1. Could you list, in sequence order, all residues of segment 96-116 that are open to solvent by 30 Å² or more (accessible area, probe 1.4 Å) and either assigned to a strand (DSSP E or B) or in contact with a helix residue (DSSP H, G or I) (Cβ under 8 Å, 6 or more places away or on another chain) (or both)?
2. Could you grab me the full set of residues in segment 198-218 that are in a helix (DSSP H, G or I) and touching a strand residue (DSSP E or B) at 6+ places or on another chain (Cβ under 9 Å)?
3. Of all residues being open to solvent by 30 Å² or more (accessible area, probe 1.4 Å) and closer than 26 Å to His39 by Cα in segment 117-128, which is modelled with the lowest pLDDT? Just the residue, please.
4. Could you check segment 173-186 and list, in sequence order, the residues that are farther than 25 Å from Thr289 by Cα and either of a type in the set (A, V, I, L, M) or in contact with a Leu (Cβ under 6 Å, 6 or more places away or on another chain) (or both)?
5. (1) in contact (Cβ under 8 Å) with a residue 40 or more places away in the chain; (2) over 21 Å from Glu148 (Cα atoms); (3) more than 16 Å from the chain's Cα centre (by Cα): which one isn't true of Phe71, the others all being true?
6. Filtering segment 227-247 down to residues that are touching a residue at least 12 places away in the same chain (Cβ under 8 Å) and aromatic (Phe, Trp, Tyr), which residue is surrounded by the most Cβ atoms within 10 Å (Cβ to Cβ)?
7. Quick one: which residue in Lys144, Lys175, Lys165 is over 18 Å from Ile194 (Cβ atoms), among the basic types (Lys, Arg) and touching a strand residue (DSSP E or B) at 6+ places or on another chain (Cβ under 8 Å)?
8. Residues Asp125, Asp151: which one is over 28 Å from Val229 (Cβ atoms) and within 21 Å of the chain's Cα centre (by Cα)?
Amino acid sequence: MSLKAIHVSEVPSLDHFPENPSLLCSSRKANNKFVVVGHRGHGMNMSQSPDLRFSALKENSILSFNAASKFSLDFIEFDVQVTRDGCPVIFHDDFIYSEEQGVVYERRVTDVCLSEFLSYGPQRDTGKTGKPLLRKSKEGKILKWSVESDDPLCTLQEAFEKVEKPNLGFNIELKLDDNLFYSSDHLSRLLLPILQVVSDIGKDRPIIFSSFHPDAALLVRKLQTTYPVFFLTNGGTEMYYDTRRNSLEEAIKLCLEGGLQGIVSEVKGVFRNPAAVNKIKESKLSLMTYGKLNNVAEAVYMQHLMGIEGVIVDHVEEITEAVREMMKPSNRDADEPKPNFSERELSFLLKLIPELIQH
């Protein structure tokens with residue numbers, strides 16, 4: 001599929017977007033549900049990790065999405081970029097790395113056309129061999145992208161068409177490069193094709209948009225008002241030139257000024273600043289978290305006690321099971337009753353956590 005460039009005046013109006021009553025902001029309040037989101041589907045891939053779960057399934061793939069859908073997830077989260085010829089594709093990294101005749105090269109995802117993007121890695125056509133797909137580690141090493149169960153790269157349209165569970169929500173992260181400047185016109189050219197696909201085939205699937213880029217989050221909110229938009233933030237665990245990204249307080253301010261519905265914070269940012277949770281609640285914003293600590297059941301349970309509404313996780317099977325147990329009604333005869341913290345004890349724990357996670 002290829003979409004032509006669209007002018008802002010041609011963006012689908014609210015009337016063209018389907019009614020979607022299953023939004024996080026309203027549904028959780030109705031049933032007190034704690035939302036679990038599968039990170040890049042069944043979990044992200046990590047090069048050279050001793051934990052084999054991080055190399056089980058290709059992240060951001062139809063295979064990963066359908067594997068995740070077998071568990072009690074509310075949403076899957078994935079990263080969307082737009083190719084040079086205007087097609088929204090699902091891929092996390094800013095660059096694709098490959099190798100030809102022993103020479104490694106890189107291509108920016110937004111600089112390649114759809115056909116080239118899909119030519120990397122395994123192919124859907126039987127007998128066709130794709131270009132080698134490599135990946136750059138955080139340490140700067142170029143490594144073979146190895147997983148136990150591989151799958152072809154895919155488009156946003158394919159996700160809507162091939163994810164088997166129709167009521168599984170999509171958390172669509174609008175992926176942009178932190179090292180680039182985007183004008184409003186450039187952002188529009190990148191966001192409108194994504195909105196077009198959602199408008200055309202989103203149907204009744206629950207959808208959340210999110211982005212680390214403040215202006216992208218604000219613009220997608222202006223361009224449509226049907227689906228909630230969340231601002232992604234490190235919550236002060238990393239510093240950026242754009243001060244709007246540097247604290248939960250700034251995130252609250254951005255959401256209130258721009259009409260965004262919620263915040264997705266690095267979990268450490270919340271644990272280091274637990275007082276921000278009440279500020280977010282008082283501002284009538286939703287709050288979810290992401291990060292490695294969300295693969296620890298105890299950390300997830302603590303967030304439930306704090307009033308956080310959901311978590312994005314890699315260890316889908318383990319955390320969905322832990323949340324299922326966590327949400328069971330109390331049973332006095334159970335051998336291992338769940339902790340029941342008083343307000344004073346919870347306050348003490350919230351003061352203690354920032355000290356525990358500083359390092």
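The values are calculated or read from the model by the stated rules, or taken from the named source; none is laboratory data. Keep in mind that what you see is a predicted model, and the values were worked out from it rather than measured. Cβ: placed from backbone, ideal geometry, glycine included. Neighbour counts: every protein chain shown. Please note that ligands, DNA and RNA were not included when accessible areas were found on the heavy atoms of the full protein model with its side chains. Shrake-Rupley method; radii C 1.70, N 1.55, O 1.52, S 1.80 Å.
1. Glu99, Glu100, Val103, Val104, Tyr105, Glu106, Arg107, Arg108, Thr110
2. Once the filter is applied, which keeps residues that are in a helix (DSSP H, G or I) and touching a strand residue (DSSP E or B) at 6+ places or on another chain (Cβ under 9 Å), segment 198-218 yields Val198, Pro214, Ala216, Ala217, Leu218.
3. So the first thing to find is which residues in segment 117-128 are open to solvent by 30 Å² or more (accessible area, probe 1.4 Å), and the list is 118, 122-128.
Now drop any that are not closer than 26 Å to His39 by Cα, which leaves 118, 122-124.
Working: Leu118: 98, Pro122: 97, Gln123: 97, Arg124: 93.
Selected residue: Arg124.
4. Leu180 - this is the single residue of segment 173-186 that is farther than 25 Å from Thr289 by Cα and either of a type in the set (A, V, I, L, M) or in contact with a Leu (Cβ under 6 Å, 6 or more places away or on another chain) (or both).
5. It fails just one condition, (2).
6. Phe231
7. The unique qualifying residue is Lys144.
8. Asp151
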